[in-house]
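The values are calculated or read from the model by the stated rules, or taken from the named source; none is laboratory data. Just so we're clear, the structure is a prediction, and the values are computed from it rather than from any experiment. Cβ sites come from the backbone with ideal geometry, for glycine too, and all protein chains shown count toward neighbours. For accessibility, only protein heavy atoms count, side chains too; no ligands or nucleic acids. Shrake-Rupley method; radii C 1.70, N 1.55, O 1.52, S 1.80 Å.
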Amino acid sequence: MIQKNLFTLEQQAFPRDIHRRIIQVLVIEGDPDMASAIKRKLQKAVKMPFHVTCIERLEDGLAHLGNHETHVIVLDLMLPDSQDVDTLRRVTTHSPDVPVVVLTGKQDEELAIQAMQIGAQDYLFKSQLDEDFLIRSLCYAIERKKFVSMLQVNDKWFKMLIENNPDGIVITDKTRHILYVNAIARRLFDHPSLELLDERIPVNMHPNNITEIFLPRKGAETILAQMRVMELEWEGNAAYILSFRDISDQKRIQSELEKSIQDLNHTVEELQKANQKILEQQKAVIKEERLKVLLQMADATANELNQPIIELLSGIEHMGGFKNMLKDLYHHMDQIENIGHEISDIVRKIGQFQDHDTAFPSNHDTFDYLEEGLKILSVEDSGVFFNMIKMYLGKEYKGTLTQAPSIDEAISILGKESYDLVLLDYMIEDGNGLDFLKLLNKRGVEIPVIVITGQGDEMVASQMIQAGAYDYLPKEMVRRDSLKKAVNNAIGKFRLIQETRMVRGKLTDMATRDVLTGLYNRRYFMESLEREISRAGRYHTSFVLCMMDLDHFKDVNDTYGHPAGDMVLGEFGHMLKSAIRQSDLACRYGGEEFAVILIGADMKNAESIMGRFKDLIGSHLFQYGSSVFQLTVSIGIASYDHKKFLSLKELVSHADQALYQAKKAGRNRIMSFQGSGDRD
């Protein structure tokens, strides 16, 4: 139900068919002429249909948002009834799920950064408003807001997992100050210090260990709990997560079970003594019967004794059989006793297992991943137990179950084919489960692993979980329900981790990459340039900054259209990335201007590399539709010398001056900055 509600929330905020529907744009702009210009630019779009509503006052805009579906807002910060960033705060407070692109006449970078921090997805200057850039900015804002919303949904899901966990969960910072407490932990402690965040938790912590502690409680009986401590990242900072499980009842039941086993052992011993007495009595009876027969036959003749002797021997033979039967019975009693001990151990372990639960919530078990046809690899050297696993998976399992009798064979199989899950026996003929997990980590193989073993040791289980296993089941506990639950939990947790990682990676890429060329954007480039200057000063190294500009690029847009210009920029970016080394860094600096940092290069190396690239561009045929045309590029080069202590601004200025000289000298050339003058 929780997962369904979160999914519904995401759908309401961002319909999945947004690119197939008309995009509803609300323009809140105090200047009617500027609003009309924006509306005309958006209505020209062919591939992306827009419906634009223009409103001059903020109050009217907020009223419109309350009554009409809106996919994106273009917001002027200077309105008749609202000024500066307060305008943005009111809009984001009123409609937090709608992405906002700020439109301002002030070219104030601090104002732009402040707007982004408040919640704007992008900012545009009125003086630099371009049709294609405006459309891309709106689409980017919608997509980025959608990914942020997905990440927020995942964060809410993660917090719900913790809140609904059957164990008590406490999260603290590195100094043991409490950051978060779930309901179970508050009930377990019943302590005032846990009712106020930022208090210090009143227990000693040992990361990556499992310990049993007595929990202090306010006005209640102290309870025995099992505590696990692990390190994690919480809201961007290093922290500890502590899980507490009340094992008081478990210990009491275990103690009672041990007493019951002792009583059973005593009963078995008394039974053995009684059996021994019965055997001795039966032997005495047999001797008496023999004596009676001999006395009765003493006076008889040989012929008369013949038949009784035969009968006596036959009786002795039968008695011998009866005696053997008693021995077998006694032997079976020993077996029954041993089996009784084994059953008692199994009952005790089952009791412990029933009290044990995984970190994943129980309501997640309702989804059955086995019905998807999972590919499962069983690393198991016992054919008997492999067949038992196949039986436990049940008829509803439609996937493929493959056996690997050794670690080497399992690693080989995983290197050739992809699998969804590994069921791992801890003890294999060529190693153990820890060896297998280390090999997976070394090869970078990401796959959920459930350890199934006869080594029912809590220390082994802890080591396996810390090494990367998703769950741990002793073989005697494996049943259809427990195996199904472990599989669903492992697959669910693995997929959630993968999806969260994908969303975060996408957000990072969107924040640092230029969508059109695939190169790094200007912001990331400036940060990287600052790092290179710092590194060069620290290690006394050098590098070269190259600024380049496509010659007469405006003619391409005017002659063939902006789509042709976009094609040229994308192709140019790909050629630039292929022309430099992997250690170098290229970016789109703005418009048709690009920049490259050549790490560890000097001016001679840079001129050689850029010379080859200039010639490559000059000889390249760009084709758009049926049109074929050529372009050239002008390049300015400036080197960084750690002895001169150049600032970032000065270095960029040097490269830009060299680029200007290349343009001024006739374009299609390379100029290097030489301080007082430039040279070709």
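Some notes on this structure:
- Residue identified as at pLDDT 85 or above and under 27 Å from G394 (Cα atoms) among N441, N489, N432: N489
- Flag if S528 is open to solvent by less than 50 Å² (accessible area, probe 1.4 Å), farther than 30 Å from P448 by Cα and out of contact with any helix residue (DSSP H, G or I) (no Cβ under 7 Å at 6 or more places or on another chain): yes
- Filter result for L224 (among the aliphatic types (A, V, I, L, M), surrounded by 11 or more Cβ atoms within 10 Å (Cβ to Cβ), in contact with a Leu (Cβ under 9 Å, 6 or more places away or on another chain) and under 30 Å from G468 (Cβ atoms)): yes
- Flag for H562 being open to solvent by 20 Å² or more (accessible area, probe 1.4 Å), over 20 Å from K47 (Cα atoms) and not acidic (D, E): no
- Answer residue from segment 157-191, given it is part of a strand (DSSP E or B) and either without any contact (Cβ under 8 Å) to a residue 12 or more places away in the chain or within 25 Å of V503 (Cβ to Cβ) (or both) and is most open to solvent (accessible area, probe 1.4 Å) among those: L179
- Scanning segment 553-584 for residues that are of a type in the set (G, A, S), over 38 Å from the mean Cα position of the chain (by Cα) and under 22 Å from R667 (Cα atoms) gives A564, G565.
- Only a single criterion out of (1) in contact (Cβ under 8 Å) with a residue 60 or more places away in the chain; (2) of a type in the set (D, E, K, R); (3) more than 15 Å from F613 (Cα to Cα) is not satisfied by D551, namely (3).
- Being modelled with pLDDT of 90 or more, in contact with a Lys or Arg (Cβ under 8 Å, 6 or more places away or on another chain) and open to solvent by less than 50 Å² (accessible area, probe 1.4 Å) is a description that applies to V52.
- The listed residue being within 20 Å of I142 (Cα to Cα) and touching a residue at least 24 places away in the same chain (Cβ under 8 Å), out of V72, V85: V72
- Considering segment 634-660, and only residues there that are open to solvent by 20 Å² or more (accessible area, probe 1.4 Å) and among the aromatic types (F, W, Y), the residue that is farthest from the chain's Cα centre (by Cα) turns out to be Y660.
- Residues (assigned to a helix (DSSP H, G or I), open to solvent by 60 Å² or more (accessible area, probe 1.4 Å) and touching a strand residue (DSSP E or B) at 6+ places or on another chain (Cβ under 7 Å)) located in segment 386-413: K390
- If you check A601, A658, A586, A564 for being part of a strand (DSSP E or B) and either touching a strand residue (DSSP E or B) at 6+ places or on another chain (Cβ under 8 Å) or among the hydrophobic types (A, V, I, L, M, F, W, C) (or both), only one passes: A586.
- Tally, over segment 531-559, of residues that are outside any loop (DSSP other than H, G, I, E, B) and open to solvent by 10 Å² or more (accessible area, probe 1.4 Å): 15
- Which numbered condition A638 fails, given (1) free of Cβ contacts under 8 Å to residues at least 40 places away in the same chain; (2) part of a strand (DSSP E or B): (1)
- Sub-7 Å Cβ pairs linking a first residue in segment 420-438 that is hydroxyl-bearing (S, T, Y) to a second residue that is open to solvent by 10 Å² or more (accessible area, probe 1.4 Å) and part of a strand (DSSP E or B), at least 6 apart or interchain, are Y426/N432, ordered by first then second residue.
- Verdict on R504 being charged (D, E, K, R) and in contact with a Leu (Cβ under 8 Å, 6 or more places away or on another chain): yes
- Any chance Q83 is open to solvent by 70 Å² or more (accessible area, probe 1.4 Å) and in contact with a Phe, Trp or Tyr (Cβ under 7 Å, 6 or more places away or on another chain): no
- Taking the criterion of being open to solvent by 20 Å² or more (accessible area, probe 1.4 Å) and in a helix (DSSP H, G or I), the residues of segment 417-459 that qualify are L434, D435, K438, L439, N441, K442, R443, E458, M459.
- Flag for V25 being in a strand (DSSP E or B), touching a residue at least 60 places away in the same chain (Cβ under 8 Å) and among the aliphatic types (A, V, I, L, M): yes
- Hey, H574 open to solvent by 80 Å² or more (accessible area, probe 1.4 Å) and under 16 Å from F133 (Cα atoms) or not: no
Rundown of residues vs (1) touching a Lys or Arg at 6+ places or on another chain (Cβ under 7 Å); (2) without any contact (Cβ under 8 Å) to a residue 24 or more places away in the chain; (3) among the charged types (D, E, K, R), yes/no style:
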residue: D97; (1), (2), (3): no, no, yes
residue: E110; (1), (2), (3): no, yes, yes
residue: L138; (1), (2), (3): no, no, no
residue: D155; (1), (2), (3): no, yes, yes
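- Residue under evaluation I450, criteria (1) within 19 Å of N209 (Cα to Cα); (2) in contact with a helix residue (DSSP H, G or I) (Cβ under 8 Å, 6 or more places away or on another chain); (3) of a type in the set (V, I, T), criterion not met: (1)
- So L483, is it surrounded by 16 or more Cβ atoms within 10 Å (Cβ to Cβ) and at pLDDT below 85: no
- The conditions of being within 16 Å of S95 (Cα to Cα), modelled with pLDDT under 90 and either in a helix (DSSP H, G or I) or not polar (S, T, N, Q) (or both) are met by L9.
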